Amino acid sequence: MAVVDPAPLSPAQRAGHACAVCDKRWPRPTERIGDLPDGAPVLACVECAGPCG
């Protein structure tokens, strides 16, 4: 899994409450696209994760 720089992410994106790509909050993102340096998952919505999600 790729390690993602948390600097450009909002607090909601870092907490997994919003898509890391489009910032959509509902429905809650479910596709893991990477990890933060502390090991927390970085999540995206199904549309943004695409076929690789």
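The values are calculated or read from the model by the stated rules, or taken from the named source; none is laboratory data. Just so it is clear, the model here is predicted, and its values are computed rather than measured. No Cβ is skipped: glycine too gets one built from the backbone with ideal geometry, and neighbour counts run over all protein chains shown. These accessible areas exclude ligands, DNA and RNA; they are computed on the full protein's heavy atoms, side chains included. Shrake-Rupley method; radii C 1.70, N 1.55, O 1.52, S 1.80 Å.
Side notes on the structure shown:
Residues checked against (1) of a type in the set (S, T, N, Q); (2) more than 8 Å from the chain's Cα centre (by Cα); (3) open to solvent by less than 40 Å² (accessible area, probe 1.4 Å):
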| site | (1), (2), (3) |
| --- | --- |
| 12 | no, yes, yes |
| 18 | no, no, yes |
| 32 | no, no, no |
| 37 | no, yes, no |
| 43 | no, no, yes |
| 46 | no, yes, no |
| 50 | no, yes, yes |
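- When the range 19-35 is filtered for residues that are touching a strand residue (DSSP E or B) at 6+ places or on another chain (Cβ under 6 Å) and either among the basic types (Lys, Arg) or in a loop (DSSP other than H, G, I, E, B) (or both), the ones remaining, listed by number, are 19, 20, 21, 29, 32.
- Unique residue being free of Cβ contacts under 8 Å to residues at least 12 places away in the same chain and not in a loop (DSSP other than H, G, I, E, B) when the list is 51, 8: 51
- Residues satisfying the criterion are absent from the range 20-30 (criterion: open to solvent by less than 90 Å² (accessible area, probe 1.4 Å), polar (S, T, N, Q) and on the phi < 0 side of the Ramachandran plot).
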